[in-house]
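First the structure, in the form of structure tokens, and then the observations on it.
Read-outs throughout are calculated quantities, based only on the coordinates presented, and are distinct from any laboratory measurement. Predicted model, so just to flag it, every value in this text is computed and none were measured. Every residue, glycine among them, receives a Cβ derived from its backbone with ideal geometry; neighbour counts consider all protein chains shown.
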């Protein structure tokens, strides 16, 4: 499955990253190299193998429903690049 | 008295109890080493004042007999662990002004046991890299460097370099594909990545959640056992943490290994194996055998697929884990008149090249139309790799392999930088362990002909860290590796 | 009911499916210990987990799971003992982690069905495709600053249940009936307050049309976050008309997300993005699979409250209510509970009649909810009892009820104090009758000549002179006796 420039642009946008037009070609070549290597996986037939998401099989523990956290808005906001009136502020979003 | 910073943690603890020197003196000695070794670039953030305050408290505790398990031991913390009120950067521009209002569980365990934090150690940006060259704060220099500046390995390069150069008594690291073991090997240190779920991931900046695990890097096996003892344990803030009691790891040190079955994976014995690596691997086998261990040949047939599997799964999780760095709630913010501009400018400037490469690989393998071909395929391969280990462990207690196929290489090495895959291949012996969630330790075994340290890796069954310490301490004793 | 849209050119049928997001009632958020309280100052009920701080991890709230299982049982749905969480990746300012933790491949609740009651008295089964649990986003506030959007994360991480129906609706009315029924079920269960205007229940509407009689599924359009039952019905109506027009002008409907504009009732296309969304779902590595035991599910099933359909049936079968009255009374659990309390040991049918007429009218007029009613359930029951025992007449009862609505007093006390007891003393009534007969010789004459329908007039006059207190059946009896002699 070869990756073309348009695909690189799409992946970059989905990742919210910018690739300058003059770097597109290089990026494409590099991705194709990496995916050619990754496609070695196709040497193995895995049609009867169940996927594995995690190495540990702990059962999910549930937390009691109690308010034990929050109520420290200053700490929530203190690292914000822009905060006004106790809100995080971003450029106007046009719906 | 000779240099007190060269003592191991267990020696230091004995000396502190014996009042040979105070925690404050010790801390000042480390701070002075740090001052003299700034060129190594091991620390991103130093917190001398905080350390001296803690040391004072430790001295009080010793005075009143309230000393805890790690009272007064000065440690370096990989800058991936969030530390309350101490800047935590993940070696990234995007977090270079982030001051967490909370403490990670692992570091808070260490603090509760009386450890002192000297500062935050350099690493590959977001732990993505094997040479520490992707750090926004510049590369760390391997203390073993002579004429040419060498990499310390990565991603926990700062941790390994700081331990090797005695800029801390021990350090925390994290390991997603070899990030504790490979730099430990490159710098002549000992490091262990415990079983997935052994240490809480709460408060550790996430790279690949299903693979990340914290562990210590220290001067010897016993120190690793002591530090892991403190770091490990169940945490209800991490749903993947295991509720299994932590055994007394130090008790395994020096325990007889006769009858212990050591597996040697035949697939790892390839033709192009480095001569030095092969020699020390053989030597290790013989040393263990002499102590009565039984050597078994085992097979890990899918091991050669571990790297491509890893380079699908880890970037996939990373692409999602790193979506939160958007310039809105914390960290660096780029210019942007619209939200999308703001995101793109923030992330394009805030992340380094390797991180961006992995985010894009991860985005691609999860995207519609490619999920089955790459992500699902890799999840299935992960199962096969896991099954290999489980089958192998039917015949043995531990598996012995080299840690890395090479020794530390020069910073800016043309071959490594020419193609990202060249760098990825250095993790060939370590990544499969993360995919299977197993514990594994690297210890220094000797020097290669180029005068640089080589490491051996011992892989254990889930939660068999004790058995690893047992065999590793035996091997350590026989190998007579000489630290800096 | 046939649901056909007939144009000059053809007959069309509407096909609608709904996706409803329901905020789970719980004290703390689904993946953190922060409060779910609504209306506090911005960013107060936010934990480091909710703010997506580095290294923060989700932990699942037990109550949210229980609420989801309860809701699943209320939807007559299959509860999956194995379910998984997934991440849905997208960037938005009020989504702090850049992904939503939701369920994708393995939801906690599978297929189910809900019976809706239609205006013509018929009912219809609506299929439930699935229900999963997930976290809510924060809120973007666009109107506080001319050039900035403000982000409040108080809502971020509140638990949601997303209910997805099958495309079973054929008219706006069916969709409306479903939403009312769903809200009723959720409120009975106490799993969601169902307030669409406050956003605790939000509806996405998928609309397509097809030639009547065909069973194809054509391209659908989605309208997100339509926030009232009325608007959902309007959106369906107008979107269907739009699509029919497109087809009848030889066009093609494009799959897109459209926005419903409540001010015009119309739908319009939302701004198109350069690239379509690609949510890149994958298993949430921070949460192991959720495994429930059969025993756990059975325990919840055993403790489940009686749901509106069962209650309605019981009211019809054992209490003699009409299906319509039973439906109205059972829609709201508080009303049904009030009814049961009021009719305890009293004539249930009469209590229902009173509730459906004077009682609801009084609440409406006073703009009160049932739990604020000045007339208690016990007092309404007692009032009915006074009528049944002939202590007061129906007419006097209305007067007593008016006083009860003002003072909240019990009816016995009012009747006693105001001297409103029916007169059953025959001597007293006979005296009044004699006066009526004496004063109206013409009518007596006419009656005797065969105009027997004047009997009612005599009864009326007598009761009027008794100021309503004479017992009508006694009056009737006595008049007959006197006139027929």
Degrees separating the helix C:229-248 axis from the principal Cα axis of chain C, which is the longest one: 60
Helix C:455-465 vs. chain C, principal-axis angle (Cα, 0 to 90°, nearest 10): 90
For chain A, built as a Gaussian network whose Cα springs stay under 10 Å, the top-fluctuating residue of A:77, A:24, A:14: A:77
Highest-MSF residue in chain A out of A:42, A:71, A:32 [GNM, Cα springs under 10 Å]: A:71
Globularity ratio of the range B:312-389, using Cα Rg and 2.2 N^0.38 Å: 1.34
For the range C:226-273, alpha-carbon Rg over 2.2 N^0.38 Å: 1.18
Radius of gyration and maximum dimension Dmax of the range C:195-279, Cα, Å: 13.8, 41
Between the range C:362-421 and the range B:164-230, the Cα center-to-center distance that results, in Å: 77
Contact order normalised by residue count of the range C:306-418, Cα under 8 Å, 6+ apart, percent: 21
Residue-span extension gain [residue C:81 to residue C:295] - 0.36 nm each, minus C-alpha spacing: 76.0 nm
Alpha-carbon gyration tensor eigenvalues x 5, square-rooted, for the range B:186-302, Å: 30, 19, 15
Shape of the range B:435-484, Cα gyration tensor, a/c cut at 1.5: oblate
Descending semi-axes in Å of the range C:426-484, equivalent ellipsoid built from Cα gyration tensor: 18, 11, 10
Average silhouette area of chain B, convex hull of alpha-carbon atoms, in square nanometres: 22.0
Label point distance in nm, residue C:448-residue C:473, each placed 7 Å from Cα along Cα→Cβ: 3.0
Chain A: most fluctuating residue of A:67, A:49, A:58 per GNM, C-alpha cutoff 10 Å: A:67
Whether chain A is rounded, prolate or oblate, judged on the alpha carbon gyration tensor where a/c under 1.5 counts as rounded: oblate
Inverse of mean 1/r across different Cα pairs in the range C:306-418, Kirkwood, Å: 14.1
Cα gyration tensor shape for chain C, rounded if a/c is under 1.5, else prolate or oblate: prolate
Percentage, to the nearest whole number, of Cα pairs in the range B:309-459 over 20 Å apart: 64
Over the range B:306-393, relative contact order from alpha-carbon pairs under 8 Å, at least 6 apart, %: 38
Whole-number percent relative contact order across chain B, with pairs defined as alpha carbons under 8 Å at least 6 apart: 17
Geometric extent, Cα atoms of the range B:95-228 - Rg, Dmax (angstrom): 13.8, 43
The protein assembly as shown: projected area of the alpha-carbon convex hull, averaged over directions, in nm²: 56.5
Degrees separating the helix A:5-14 axis from the principal Cα axis of chain A, which is the longest one: 20
